[in-house]
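Each remark here refers to the structure printed beneath this line.
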Number of protein chains: 2
Amino acid sequence: MSGLGTKQRILDAARTLFAEHGFPATSLREITKHAEVNLAAVNYHFGSKDGLLKELVNECIEPINTERIRLLDAAEAEAGGQPLVMRDLIRIFLEPAVRELCDQGSAMPCILSRLHHEPHAGLEEMMSDILAPTITRFVTASHRCLPHRTPEELLIRGHFMIGAMLHLLDFNCEELVPGLGINEEVISGYDFRLEQLISFCTAGFDG
Amino acid sequence: MSGLGTKQRILDAARTLFAEHGFPATSLREITKHAEVNLAAVNYHFGSKDGLLKELVNECIEPINTERIRLLDAAEAEAGGQPLVMRDLIRIFLEPAVRELCDQGSAMPCILSRLHHEPHAGLEEMMSDILAPTITRFVTASHRCLPHRTPEELLIRGHFMIGAMLHLLDFNCEELVPGLGINEEVISGYDFRLEQLISFCTAGFDG
DNA sequence: GGCAAGTTTAAACGACCGTATGAATAAAAC
DNA sequence: GTTTTATTCATACGGTCGTTTAAACTTGCC
């Protein structure tokens, strides 16, 4: 935990510790100790503890949603006015998130899935600002795929998908129930998880 | 918030405030003030703040899982050795939770969906103790419904279902994205949500 | 009444929190 | 080399936290 700048060391330590103990239960003293920087450095670089969280989250989800929009634009351009295949649309939504989040370790998924359920002044607004365009695009596109579904059905199913995704990302294999003959290596695999999730959601939207 | 005993008033206040601000961000002073009882009453009746949470959670999820097991026993007895219909199995798992949690207001769903992602010493163990038999029974029964699926596929899909359910329970309609023509009354309906969730998961398990 | 067990009360404890300050240090500009 | 700017540092502030204590009060039993 050295060699990098102070700011980055704080972000790294915060990511780890927020994931481990949650945001409110993690003190700046723990973070700065873990990052081997001075306590006051957090307020110097991020203004406040909330500012630190905000930057951490933004740094993570902003590129994911940019990538989603980019893929959606490309797919729709290629389709040339035809509706997309639902499975492709779901993959566009899920893959950037699962890949990005899993690649950089398991810390951010823990944090994000908690933040989706936890109130934080200003942060919900920020996430909503980032996510809203994607959700609108997704619901609109899915409505073209599945015209027999009402917007309410599509939106609520979109939320089921988000819930399943978040649960997947934060899913810890240590909780495994014994006696079922589960192969841990299989169920931990990145590809296995993503493909299962895509299949589950694709079928779920249709059913 | 009076007329009931001190212990119950504390539980009620804690449920409300934990849901609103989260467990770590809620102080015992807020709780006891809201419940109009003395600060020390919490430690007298529950031993500690953690003890209060533990009792609150146990009081909520224990009857849900008892009911799930009861329904599963009844359904399997009625089937007389034949595999259950997947949709029925999913309903057995989801309906007690959705009904119980929605009936007693929206407070507990918020708390529970957070706890599923938040670490708490001893509490995870407690929840695991209560949930493990249900999960084992569910995976076993679903394997008989869908023998072509591997245990890993069934378990990970069971977790998708849990994720979707938790997200549904804690889903706040204020977050609705405008411009999609969503009817808020429809999407807020208890029956609509439950039936959509069951359909989504039933199809998801098959797909 | 008088004792006993259960419950509620006000007050205090030590610990830790997020934040602010001003001096010390390093880096950059001139 | 000196001045200016950016960063790091030790330290302190006011506040809130969960928990404890011991006295006061309530209730039911003899």
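The values are calculated or read from the model by the stated rules, or taken from the named source; none is laboratory data. Note that the structure is predicted; figures quoted are calculated from it, not measured. Here the Cβ is made from the backbone with ideal geometry for all residues, glycine too, and neighbour counts use every protein chain on show. What goes into the accessible areas is simple: the full protein's heavy atoms, side chains included, and nothing from ligands, DNA or RNA. Shrake-Rupley method; radii C 1.70, N 1.55, O 1.52, S 1.80 Å.
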**Message:** Given the condition open to solvent by less than 40 Å² (accessible area, probe 1.4 Å), assigned to a helix (DSSP H, G or I), touching a residue at least 12 places away in the same chain (Cβ under 8 Å) and within 13 Å of DNA strand C (Cβ to nearest atom), answer yes or no: does some residue in segment B:77-95 qualify?
**Reply:** no
**Prompt:** Which one is nearest to the other protein chains (Cβ to nearest Cβ) among residues in segment B:34-53 that are within 13 Å of DNA strand D (Cβ to nearest atom) and of a type in the set (Gly, Ala, Ser)?
**Reply:** B:Ser48
**Item:** From the options B:Ile61, B:Ile31, residue that is within 16 Å of DNA strand D (Cβ to nearest atom) and more than 14 Å from chain A (Cβ to nearest Cβ)
**Value:** B:Ile31
**Prompt:** Can you name the number of the only condition in (1) within 14 Å of DNA strand D (Cβ to nearest atom); (2) in contact with a Gly (Cβ under 9 Å, 6 or more places away or on another chain); (3) among the aromatic types (Phe, Trp, Tyr) that A:Phe93 fails?
**Reply:** (1)
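Evaluate segment B:63-70: report whether one residue or more is assigned to a helix (DSSP H, G or I), over 10 Å from the mean Cα position of the chain (by Cα) and free of Cβ contacts under 8 Å to residues at least 12 places away in the same chain.
Step one: filter segment B:63-70 for residues assigned to a helix (DSSP H, G or I), giving B:63-70.
Of the ones still in play, those that are also over 10 Å from the mean Cα position of the chain (by Cα) are B:63, B:66-70.
Now narrow it down to the ones that are free of Cβ contacts under 8 Å to residues at least 12 places away in the same chain: B:66, B:70.
Yes; the residues of segment B:63-70 include at least one that is assigned to a helix (DSSP H, G or I), over 10 Å from the mean Cα position of the chain (by Cα) and free of Cβ contacts under 8 Å to residues at least 12 places away in the same chain.
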**When residues of segment B:1-28 are limited to those that are more than 12 Å from DNA strand D (Cβ to nearest atom) and within 14 Å of chain A (Cβ to nearest Cβ), the one nearest to B:Pro119 (Cα to Cα)** = B:Ala19
**Asked** Which of the residues belonging to segment A:26-57 are assigned to a helix (DSSP H, G or I) and open to solvent by 60 Å² or more (accessible area, probe 1.4 Å)?
**Response** A:Arg29, A:Glu30, A:Lys33, A:His34, A:Asn43, A:Tyr44, A:His45, A:Asp50, A:Lys54, A:Glu55
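May I ask you to verify whether B:Phe23 is in contact (Cβ under 8 Å) with a residue 60 or more places away in the chain and in a loop (DSSP other than H, G, I, E, B)? Quick ask: steps written out before the conclusion?
On the way: in contact (Cβ under 8 Å) with a residue 60 or more places away in the chain: yes; in a loop (DSSP other than H, G, I, E, B): yes.
Judged against the criteria, B:Phe23 is a match.
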**Failed condition for A:Leu71, given (1) open to solvent by less than 60 Å² (accessible area, probe 1.4 Å); (2) near DNA strand C (Cβ under 9 Å from one of its atoms)** = (2)
**Complete:** Scanning segment A:96-108 residue by residue, those assigned to a loop (DSSP other than H, G, I, E, B) and either farther than 24 Å from B:Leu115 by Cβ or touching a strand residue (DSSP E or B) at 6+ places or on another chain (Cβ under 8 Å) (or both) turn out to be A:Gln104
